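First up is the structure itself, then whatever we jot down about it.
The values are calculated or read from the model by the stated rules, or taken from the named source; none is laboratory data. As the structure is a prediction and not an experimental result, all values here were calculated from the model. Here the Cβ positions follow ideal geometry from the backbone for every residue, glycine too, while neighbour counts run over all protein chains shown. Heads up: the accessible areas ignore ligands, DNA and RNA and are worked out on the full protein's heavy atoms, side chains in. Shrake-Rupley method; radii C 1.70, N 1.55, O 1.52, S 1.80 Å.
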Amino acid sequence: MIKVNEQYFEIVEDYRECFDEELFANRYSDILDKYDYVVGDFGYEQLRLKGFYSDHNKKAELSKRFSTIQDYLLEYCNFGCPYFILRHLSEQEVKKQISELQSEADIIEGNKLQDVKIQPSIQQSENE
């Protein structure tokens, strides 16, 4: 889970392992908050970001829907360029993931003491 400007994202695809959270955060603009997906591609060593809506959003232009991302990559990006696709998480998804992580952390914390093995130590006296 990635947090930028109070918005949360998850990585859907990271072609050529190019995703850099710091670079993404520096380039991110509030205008992208309205999109369900953000595509980042590199051309001439510059990160370019473009937003896309979910296919379920019937009000969105066809060219700005998730199913057209592949066309965008082929037509507007350099051939073979590194790119990534992030999905914008809703508040409910964020709360659910945070609670799941918290419960996992609680389970791990509770199990730590089970694995502790204390070996008895015998102190020898000088008289023996």
Accessible area in square angstrom per residue, region 1-80, 1.4 angstrom probe | 69 Å²
Candidate aspartates and glutamates - alpha carbon under 16 Å from residue 3, same-chain residues fewer than 8 apart omitted | 20, 21, 22, 30, 33, 36, 91, 93
Distance in nm between pseudo-label sites at residue 107 and residue 46 (7 Å out along the Cβ direction from Cα) | 4.7 nm
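So what's region 27-95 giving for Cα Rg divided by 2.2 N^0.38 Å, two decimals?
Relative to the 2.2 N^0.38 Å estimate, region 27-95 comes out at 1.15.
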